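Below is one structure, written out as structure tokens; the observations come after it.
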Amino acid sequence: GAGVSQTPSNKVTEKGKYVELRCDPISGHTALYWYRQSLGQGPEFLIYFQGTGAADDSGLPNDRFFAVRPEGSVSTLKIQRTERGDSAVYLCASSLLGGSDTQYFGPGTRLTVL
Amino acid sequence: AQSVTQLGSHVSVSEGALVLLRCNYSSSVPPYLFWYVQYPNQGLQLLLKYTSAATLVKGINGFEAEFKKSETSFHLTKPSAHMSDAAEYFCAVGDNDMRFGAGTRLTVKP
């Protein structure tokens, strides 16, 4: 079956603009995760969904970042008033039930804020 | 809070030599530990994971890791490196809020 997909693969925007990044998890996976990976660093946890609800959003850096998963499948990460420091690769992962279940990662969206 | 530290941002080995990538963890509870590999322009792929069963964990592509509680370590090894092993390797701890190390870039020399 299909893996985790993310769109767009690349996004270039200007400082102050609003962006949305989309994640399509593996079908049937109840848990969905967002991470951010800056150049030369490991992925940094942002938020975890179990079903439709955000079970842990402690990694979101500030209130400009928001994520939704309204039907328990596709998720959208929303960034308001983008800043140059938001430039990174945003990774999405999904797992069957969460917990220690294997997380399967998508290819990421490379966000560049000019 | 849980965290991992990867010792050595770059490791270079010759083809056929032993690969050893070091990871130490910090956790107040029995940890779940993972090793992921990231090939250039590809997504993260799970190599292996430790979830409190056997302390020696075997993964894909001939890699294995041993959980040592006394040393708070989970080092990744492979007896004989292949050119195709060249990639970035990440150690991680946790479950639903997984925390990754900074990564170790493995170079394999012919």
If the rule is a partner Cβ under 4.7 Å, which cysteines in the protein assembly as shown fail it?
none
For A:Thr112, other-chain or 5+-apart residues with amide H closer than 5 Å (H placed, Pro excluded) are A:Lys11, A:Val12, A:Thr13
Could you name the lysines whose alpha carbon sits less than 26 Å from that of B:Lys68, not counting residues in the same chain fewer than 8 places away?
B:Lys49, B:Lys58, B:Lys78
Sites B:Ala17 and A:Thr102 - FRET efficiency at Förster radius 22 Å, r taken between beta-carbons, to 0.05
0.15
Across the range A:58-65, in residue order, what do the Karplus-derived ³J(HN,Hα) couplings come to in whole Hz, using 6.51 cos²θ - 1.76 cosθ + 1.60 with θ = phi - 60° and x for Gly and Pro?
5, x, 5, x, 6, 6, 6, 9
Viscosity 0.692 mPa s, temperature 37 °C, Stokes-Einstein D of the protein assembly as shown from Kirkwood C-alpha radius, µm²/s:
182 µm²/s
Just rank A:Leu91, B:Leu20, A:Leu46, fewest to most, by other beta-carbon atoms within 10 angstrom.
B:Leu20, A:Leu46, A:Leu91
Kindly state, as a whole number, the per residue volume in cubic angstrom of the convex hull around the alpha carbon atoms of chain B.
94 Å³
Using the Kirkwood formula on the Cα atoms of the range A:1-49, what hydrodynamic radius do you get, in angstrom to one decimal?
12.9 Å
Would you kindly give the portion of the calculated P(r) for the range B:6-64 that falls above 13 Å, as a percent of all Cα pairs?
72 percent
Between the modelled labels at A:Glu83 and B:Ala54 (7 Å from Cα along Cα→Cβ) the distance in nm is 4.8 nm
Cα Rg, Dmax, chain A, angstrom units
13.2, 38
Roughly what % antiparallel, to the nearest 5, for the DSSP beta bridges in chain B?
85 percent
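Taken together, the values in this text are just the output of simple stated rules run on the coordinates, not laboratory data. All values derive from a computational prediction rather than experimental measurement. We place every Cβ from the backbone using ideal geometry, glycine too, and count neighbours over all the protein chains shown.
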